[in-house]
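The values are calculated or read from the model by the stated rules, or taken from the named source; none is laboratory data. All of these numbers come straight from a predicted model, not from anything done at the bench. All Cβ positions, glycine included, derive from the backbone under ideal geometry; neighbour counts span all protein chains shown. Note: areas computed on protein heavy atoms with side chains; ligands, DNA, RNA excluded. Shrake-Rupley method; radii C 1.70, N 1.55, O 1.52, S 1.80 Å.
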Amino acid sequence: MLFYIVLLFAAVILSVIIRPSSSERAKATYVSIVFVILIVVAACRSYTVGADTEQFVRAYRRIDIEGVYAFQIERYEPGFTALCLLLNQISSNYQMLLFATAVITYVPIGYVIYRLSENVTLSCYLFIALNIFTSYLNVMRQGMCIALVMLAFLCLVKRKDIGFVLCILASSLFHVYSLITLVLLPLSELGFRA
C-alpha cells in the first residue's frame with residue numbers, strides 16, 4: 001500500500017516540477033518519466049505480485065521447454081506464445097517476460113495519454129489511482145491487448161482506418177475478444193465519433 005501511495009505522490013510531485021501544461025516538450029517529458037517509473041515497477045516485481053502472474057511465469061517456463069509445439073499444446077493466444085518463445089531465446093529468467101509485457105502494455109498507454117489527454121497529470125494520476133496500473137500487473141495478456149486497442153482508438157480518432165484494423169488484429173493475438181472492437185470502424189463511418 002505504501003508503494004502505491006508513493007507512486008501517486010510521485011505523479012503529483014513530478015507534475016509540480018515539470019509543469020506538463022507549460023509546453024509539448026514538458027508534457028512529453030512528464031508522461032515519459034511517469035510511465036518509465038511504472039514500467040520499472042512492473043518489470044521488477046516478484047512473480048507473486050498479481051494472482052495470475054505466477055500462472056504466466058509457469059507458462060513462460062513451459063513454453064521454453066515445449067518450443068514451437070507450444071502453439072498446439074498451450075491454451076494461450078498465438079501472440080503470447082510467440083512472445084514467450086522469442087523472449088526465451090534471450091533469457092529463460094521470468095523477469096524478461098515481466099519487462100517485455102510492461103513495455104508492451106505501458107508504452108502505448110502512455111503514448112495515447114500524451115496524444116489525447118488535455119490534462120496529462122490528471123490522466124496519469126487516475127491511471128494509477130483507479131487501480132488500472134495495478135490491474136495490469138495481474139492480467140498481463142489483457143493489458144497488452146487493451147494497450148493495442150488504445151492505439152487502435154487513436155488511429156480511429158485520427159481517421160487512420162488501416163492502422164485501426166492492424167492494431168485490433170495485433171491485439172487479438174494476445175486476447176481474441178478484442179476483435180469485437182472492430183465494430184467501432186463502421187460505427188465511426190456512420191457518424192459516431194469520439
Give me the net charge of residue 57's neighbourhood, meaning all other residues with Cβ under 14 Å from the Cβ of residue 57; Lys, Arg count +1, Asp, Glu -1.
+1
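Using a probe of 1.4 angstrom, how much of the accessible area of the stretch 46-182 is carbon and sulfur, in percent? Can you show the working numbers first?
On the way: 4320 of 6790 Å².
Accessible surface attributable to carbon and sulfur in the stretch 46-182 totals 64 percent.
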Using a simple spin-label model with points 7 Å from Cα along the Cα→Cβ vector, what separation in nm is obtained for residue 72 and residue 169?
2.6
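Before rounding to the nearest 500, sum -39500 (n - 2.57) across all DSSP H runs of length at least 4 in the chain and divide by the residue total; then give [θ] at 222 nm in deg cm²/dmol. Don't skip to the answer; put the middle values down first.
Details: 11 runs with 144 residues, N = 194.
Here the helix-only value at 222 nm equals -23500 deg cm²/dmol.
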Gyration tensor verdict on the chain (Cα atoms; rounded if a/c is under 1.5, prolate if a/b is larger than b/c, oblate otherwise):
oblate
Could you state the accessible area per residue of the stretch 3-96 in Å², with a 1.4 Å probe and every protein chain left in place?
56
Which of 143, 163, 110 ends up with the largest GNM mean-square fluctuation for the chain, with Cα atoms connected below 10 Å?
163
Would you please name the trypsin sites (Lys or Arg not before Pro) within the stretch 44-151 that are DSSP coil residues with at most 16 other C-beta atoms within 10 Å of their C-beta?
45, 75
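Rounded to the nearest 0.05, what FRET efficiency is calculated for residue 190 and residue 135 with R0 set to 35 Å and r the Cβ-Cβ distance? Mind showing how you got there, number by number?
Values: r = 32 Å, r/R0 = 0.92.
It comes out at approximately 0.60.
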At R0 = 22 Å, FRET efficiency that the Cβ-Cβ distance of residue 162 and residue 32 yields, to 0.05
0.20
